[in-house]
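Below: one structure, written as structure tokens.
Every read-out reported here was derived from the displayed coordinates using simple, explicitly stated rules and does not represent laboratory data. All values derive from a computational prediction rather than experimental measurement.
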Amino acid sequence: MSEPAKTRQRADAPMAASEVGAASPEVELGELGDFVAFYLRIAQTLSFQAFVKEAGETGRTLRAGHFAVLTLIGENPGITQTALSRANGRDKSSLTPVIDELERRELLTRRRVETNRRAYALELTGAGEKARRTLLKAAMRHEHNLRAILGKKDSEEFYRMVKLLSISLARKVSE
């Protein structure tokens, strides 16, 4: 695999690890520098860090992942943990600690589904809805900042492509 010509023209040498958030500029990326998935992971990590900064004090206690969970529950009151994990692209085992934490903080409630005693329905509390609204404001500023980095045309194209990639990968994983 090789980098696209456009990227190679912008840099005479391989991208330094410090430019992509790796621990040290002395770290060589090797084959990782050619993988889309590596840069998606770096972008996700740095995006989450930028979101925390944008959210200020709230972002230090509630993270981007919490915002996604609160939003999905707020938009789908009574959603089950199974449906939430599918919608959020996370397996149930990694989502359960997040649900436990948000329930402990009284931001959501969890109740057994009468027709399926193994399933739980989730709903936001008043405090959960307030936290969601606060995080939404930070998320909107963060989204604006991300799109400004790319510019209007590239932002729209990137959004289209990453959404397509997400949908395609979700189908592939569920096969």
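What are the semi-axes of the equivalent ellipsoid of the stretch 37-174, taken as the square roots of 5 times the eigenvalues of the Cα gyration tensor, listed largest first and rounded to whole Å?
Value: 27, 20, 12 Å, ordered largest first.
Please determine, in degrees from 0 to 90 and to the nearest 10, the orientation of helix 64-75 with respect to the longest principal axis defined by the Cα atoms of the chain, where the helix direction is its Cα long axis.
Helix 64-75 sits roughly 40 degrees off the main axis of the chain.
List the pairs from LYS53/LYS152; LYS137/LYS172; LYS137/LYS163; LYS92/LYS130 whose alpha-carbon separation is above 30 Å, in the order I gave them.
LYS137/LYS172
So if each residue of separation counts as 0.36 nm, and I subtract the Cα-Cα distance between SER168 and LYS152, what length gain in nm does that give?
3.3 nm
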